[in-house]
1. Could you go through the stretch 72-88 in sequence order and give the Karplus-derived ³J(HN,Hα) for each residue, using 6.51 cos²θ - 1.76 cosθ + 1.60 with θ = phi - 60°, rounded to whole Hz, and x for Gly and Pro?
2. Going by amide H atoms built from the backbone, whose H comes under 5 Å of the H on Ala115, apart from near neighbours?
3. Under the 0.36 nm per residue contour assumption, what length would be gained going from the current alpha-carbon distance of Asp93 and Ala8 to full extension?
4. What percentages, rounded to whole numbers, describe P(r) for the stretch 57-96 computed over all alpha carbon pairs with 5 Å bin width beginning at zero?
5. Any chance you could list the semi-axes, whole Å, largest first, of the equivalent ellipsoid that the Cα gyration tensor gives for the stretch 17-128, using √(5λ)?
6. Output ³J(HN,Hα) for the stretch 42-47: one whole-Hz value per residue in order, computed from phi by the Karplus curve 6.51 cos²θ - 1.76 cosθ + 1.60 with θ = phi - 60°, and x for Gly and Pro.
7. Divide, for the stretch 1-74, the radius of gyration over alpha carbons by 2.2 N^0.38 Å, where N is the residue count.
8. Hey, with R₀ at 22 Å, roughly what FRET efficiency would Phe63 and Ser22 work out to, going by the Cβ-Cβ distance, to 0.05?
Amino acid sequence: GAFSGHSAEDHAAIARAVDRASVREFLGRRTDELSGGEWQRVRIARALAQGGRALVLDEPTTFLDIAHQVELLDLVWNLSREGGHTVVMVLHDLVQAARYADHLIAMKDGKIVAAGAPADLVTPAFVRDVLTAVMHMCDSYHLNFAGRIHLAGEIYRQERSPKRSLRS
């Protein structure tokens, strides 16, 4: 079968992850047939199936249309709130970071320049500083958000292979 060699526990974990990330409809499709947003949800399902309690995501909304961005951020937010996962995410969209984060960390030149709850951190002065930095083509601020921030490990990227099926 598609999951031969997996234990009953593996099958159950995969089924839970597929349902949690709402990717069941993609199971028979090849990865090169998925949109960017669909592929991101599959990648999150893969991480969930492995049983980890933390997700570290590096700009997961890049190159997605706004509908898929919101869908993905809603999924990650729900995993944090309802699934008990710790999420550490790098976003460059201040509005999205402020909307979905419990805690923001703004960095410049590899150093933390501000940190706190979005309501406390995202002030007119902060927004002006961020926009001024962008407008002057200076180093951009990197906004990291976490449902519950603990620590960020290295981010491992699993490259998309256009020839593989989701079941392989």
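1. Per-residue couplings from phi come out as 5, 5, 4, 4, 5, 4, 5, 4, 5, 6, 9, x, x, 7, 8, 10, 10 Hz.
2. Under 5 Å from the amide H of Ala115: Ala106.
3. Full-extension gain reported as 26.5 nm.
4. 6, 24, 32, 25, 12, 2
5. Working through the eigenvalues yields semi-axes of 28, 15, 12 Å.
6. 5, 4, 5, 4, 4, 5
7. After normalising by residue count via 2.2 N^0.38 Å, the value is 1.15.
8. Efficiency for this residue pair is about 0.65.
Every number in this text was worked out from the coordinates using simple rules, so none of it is lab data. All values derive from a computational prediction rather than experimental measurement. Note that we place each Cβ from the backbone using ideal geometry, even for glycine, and neighbour counts take in every protein chain shown.
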